[in-house]
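Please read the structure below before turning to the comments.
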Amino acid sequence: MDFVSLLIVGVVLAFVFRRLKEIASRLDGKIQTPSEIALSDAIRNLEARINQLESQVQTRGHETVPPVESTPATDAAPSIAPVETIAPPSVIETPRDSAVAATARAATGPLSAPVSTDRPARPAIAEQVGRALFGFVREQVGSHEWESIVGGNLLNKVGVLVLLIGVTLFLGFSLTRLGAAGKIAVGLAVSLAMLTGGILAERRSRYVVFGRGLIGGGWAGIYTTAFAAHGLPTARVIESPTLATILLLAVAAAMIAHSIRYRSEAVTALAYLIGFVTLAISPMSSFALFASIPLVASLLYIANRFHWERIAVAGIVVTYASYAWATREGASSAPVFATDQAALAIYWLIYEGFDLAALYREGRRRGPGQILAALNASGFVGVSMLQWLERRPDDLFVVLAYSAAAFVISAIVRARIVRLSADSPLHERAAAGSYELSITISAALAAAAIFQRYAGYSINVALLLEAQFLFLIGVQTGQSYLQILGAIVFAIPVGKLGYALFDDNTMIVYRGLKFSITTPIAILTAAAGYLDRAMAMRAHTPRRWRILAWTASIILGAVIANEAEASHTGIAWLALGGLLFEAGWLADDFDFRLQSYVASSFGLMSIATVNLDFVPVEQSHRWVTLALAC
């Protein structure tokens, strides 16, 4: 039965989106918004007025001027120069011609005006900043005054939101005289009244803002009522979850179609905002969580259709905030918790897919879309970790590990579709939507999962594996950021080991050999450092990552000091210096030879102070050690 329901939902979704695509293609370029209609009417009125003025001027130009009787000139009467009569032009310039002429005159200037070679004085920086800020604010608010913005726009949307919250609370109350069908009827009637009133008011230019607020509130009320028909026990009139899901999908499709019709970002944003808020204040249930998924999907479809990046960014904030509010007192049972996490994962997948699709289409992210990936990752990881810490803290490593794997996949996809050079600055690549953010989050989550899952020196081994994975992939692909990230992860087990070398005195015995418990992990860490340095040298970057080899040599020197007897420490350091010198000689690398000089110097100082009786230490085979040192 579940398979049949899923198949029905899939077929309905395919049909709905196909129809929406046909409607969008038909409406492109054919339907005008009320503002466009008003502009067209104004242009037609101006053209009619211009034609009327042209006819009047032509009529006056053909009128005959009555002759003037000439009088004999006298000495006292001054001579009057004849007035030259200029016939009016028969054709009046159209506004477009006037605009072109004005532009030409502005570009060339009057013929008699002298041309100045002096540059105008540049305004002060503060004045430039002030003009830029004022221009930005004026561009955002248009020609409206602050009173009209607050009173006619913001308060209108707040009033619609309060009204919808009241409708939602009304649907949730158990009234004695009004049954579930009556509540749904009242909610639907109020929502349709708002939608109809908004459509009628929006057709008049004076009530455009007010009408659009009602339209958004009307659609949000219809979606809330459709959700309450199954999601609220006190208003349940639909028992089948499949039928309720199809109803929600139909309402979401209608919202999309109406948004395509009006192409109003404000109406769309208000409708979805109220929809999320009303779902958040509804009683917590699995259906309530999944009812928001069609809302998110339709929101991103509209944002992608009209390139409304701001709506997508705002949708992320509202989605995760409403989810956190709705699940703040969720039950701790395993099925409910699994449902919550599944809904949260679907949110992340939908927004991540939207961002990757835009990245594939554009090659890089611009504008508000640059912060979409960061907001999505922050919301998903933050809300999920809060829930796991509250309900299942001992299993936190599970969500950390799975999230790290998901962000690795995202990083791989982003690395393939971002069309920026590898030599571009890091901040530019990160802002464009490249892989850096995803792989950083993945590395951090993996390290956190390791610390939460393992204990003791097993943490060091797991962190070394992660560091080697990042560093070697970075060397093979030539990505410097991956190498840096691997080196940062490598520094964590090194610091942990350095503390343990001076603090942990535990000794273990293996097949008769007694040594410190830190020795095996120290040798493994040093080997990892030498391997990273060798890989960097093979990649023709001999001057990079020398610090890794120095770190490995210091760790081996500390192991020698910790394991060898005092009389044998010097000769062991000399042996380490000899090996480093051979490595530097074969690899033609001065850095390894420099390390050998340092290690040999410590060995000679140890022999001089211990084996030559400068320090009173009980020695064994003193002369053998001196001979080998020589």
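Observations
- Low-density loop positions, trypsin sites (Lys or Arg not before Pro), the stretch 183-230 - DSSP coil, at most 14 other Cβ in 10 Å: Arg203, Arg204
- Only protein heavy atoms count here; under a 1.4 Å probe, His307 has an accessible surface of about 110 Å².
- The stretch 315-380 - convex hull of alpha carbons, volume per residue in Å³: 70
The values are calculated or read from the model by the stated rules, or taken from the named source; none is laboratory data. None of these values were measured; they are calculated from a predicted model. Note that each Cβ is placed from the backbone with ideal geometry, even for glycine, and that neighbours are counted across all protein chains shown. Note: areas computed on protein heavy atoms with side chains; ligands, DNA, RNA excluded. Shrake-Rupley method; radii C 1.70, N 1.55, O 1.52, S 1.80 Å.
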